[in-house]
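The values are calculated or read from the model by the stated rules, or taken from the named source; none is laboratory data. What you are looking at is a predicted structure, and each value in this text was computed from that prediction instead of being measured. We place every Cβ from the backbone using ideal geometry, glycine too, and count neighbours over all the protein chains shown.
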Amino acid sequence: MPLYLLVTNPFSSRGLSEGQIGRVAAEFAAAGSHVDIQRTLGPGDAERTTAELRREYAAIIVAGGDGTIAEVVNGLAGRHVPLGILPRGTGNVLAKELGIPHRISKAIEVILRGKTLRLDAGIAGSRRFILMASAGFDAQVTALAHRKRQGRFGYACFIIPMWRTLRKDDFPEITVEMNGRKHECFHVVVANVASYGGPFRPAPGAIYNDGEFDVVMFTGPGRWNMVRYGILACCMSNVPKDDIIRMRTDKVSLSSEAPVPVQMDGDPAGFLPRTFHVRRDEVTVIVP
Ligand SMILES: [Mg+2]
């Protein structure tokens, strides 16, 4: 009998209710499978659970958002247990990127079919990301939003932090080193996938299994440029702009003389300096 592990985060916005957990278990039982259920109670729980797996699972099913998926990816630390996704979070950037249906019964059908795909991961020290890392504006907003985080988390939680970050207008210069060259900018996105949080799409050409990051550098200073870049990133095609530099690389180092916050997969990840490199085929996911 195939055995699955369901990791569910009741604090994720739109997390699974107890009734829904019961229905998920029943659907797997009807297909001749069994699901072990692990509820996560706080940050770090999903990662610990996955790091300490005691049984052989056909797949780990994550019912949560991108933050919970990132924890499971870090818990697995390169072990190739397939990841099934029941999209339940704020952004569900990965689910959107892979075309995983939002309806629970449809997403379960995808998991039971079990078609897999391997994705690159970004590595920074011992930490992994699968969507993106960035330094500057959005990482400042993310850090502020998470400091105030209580219970369920939605896009509205980002509005006041965004306003406060713009009002402070403190965007230090960042040095980006890659492919043997140095560049200066004020906000940088290291993208592994084309999708991003909310309406933004700063790296529409990024491909999750090409062995390279799409690095997007925003070189204009100050808050009004940040606002303009935000608007541009909402409708970003690959239209060239003089002050936005795009490059591909498998290794990039970011540094700054001032303290500049970093985010990875939408969660705060300390401060610069950071070096990111691509590890190919690091994560196995179940896709439609
Ligand atoms: Mg890529």
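Descriptive notes on the structure:
- For the range 119-168, the candidate set comprises residues that are crowded, with 22+ Cβ neighbours inside 10 Å and over 19 Å from Asp66 (Cα atoms); within that set, the residue that is nearest to the ligand (Cβ to nearest atom) is Gly136.
So that you can scan it fast, the table gives a plain yes or no per residue for (1) among the acidic types (Asp, Glu); (2) assigned by TED's automatic domain parsing to the domain that holds Ser134; (3) within 15 Å of the ligand (Cβ to nearest atom); (4) surrounded by 21 or more Cβ atoms within 10 Å (Cβ to Cβ):
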| position | (1), (2), (3), (4) |
| --- | --- |
| Ile207 | no, yes, yes, no |
| Val215 | no, yes, yes, yes |
| Phe218 | no, yes, no, yes |
| Met226 | no, yes, no, yes |
| Cys235 | no, yes, no, no |
| Pro240 | no, yes, no, no |
| Ser256 | no, yes, no, no |
| Gly270 | no, yes, no, no |
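- Looking only at the range 1-36, residues that are among the basic types (Lys, Arg) and either touching a Lys or Arg at 6+ places or on another chain (Cβ under 9 Å) or buried (at least 20 other Cβ atoms within 10 Å of the Cβ) (or both) come to 1 in all.
- Condition met for Met264 (within 16 Å of Ala139 (Cβ to Cβ), within 16 Å of the ligand (Cβ to nearest atom) and surrounded by 17 or more Cβ atoms within 10 Å (Cβ to Cβ)): yes
- When the range 174-205 is filtered for residues that are within 26 Å of Trp163 (Cα to Cα) and within 16 Å of the ligand (Cβ to nearest atom), the ones remaining, listed by number, are Val188, Val189, Val190, Ala191, Ala194, Ser195, Tyr196, Arg201, Pro202, Ala203, Pro204.
- Residue in the range 71-79 that is more than 18 Å from the chain's Cα centre (by Cα) and assigned by TED's automatic domain parsing to the domain that holds Thr8 present: yes
- Of all residues making up the range 169-184, the number that are within 15 Å of Thr249 (Cβ to Cβ) and either in contact (Cβ under 8 Å) with a residue 24 or more places away in the chain or crowded, with 17+ Cβ neighbours inside 10 Å (or both): 6
Each row is one residue, and each column tells you yes or no for (1) at pLDDT 95 or above; (2) within 30 Å of Pro259 (Cβ to Cβ).
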position: Val93; (1), (2): no, yes
position: His102; (1), (2): no, no
position: Ala107; (1), (2): yes, no
position: Ile111; (1), (2): yes, no
position: Lys115; (1), (2): yes, no
position: Asp120; (1), (2): yes, yes
position: Ile123; (1), (2): yes, yes
position: Leu131; (1), (2): yes, yes
position: Ala135; (1), (2): yes, yes
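- Selection count, the range 1-47, where residues are within 17 Å of Asp267 (Cβ to Cβ) and part of a strand (DSSP E or B): 1
- The condition of being more than 20 Å from Gly197 (Cα to Cα) and among the hydrophobic types (A, V, I, L, M, F, W, C) holds for only one of Ile61, Ile69, Ile85, that being Ile61.
- Gly89 vs. criteria more than 16 Å from the ligand (Cβ to nearest atom), outside the structural domain of Asn225 (by TED's automatic domain parsing), surrounded by 24 or more Cβ atoms within 10 Å (Cβ to Cβ) and in a strand (DSSP E or B): no
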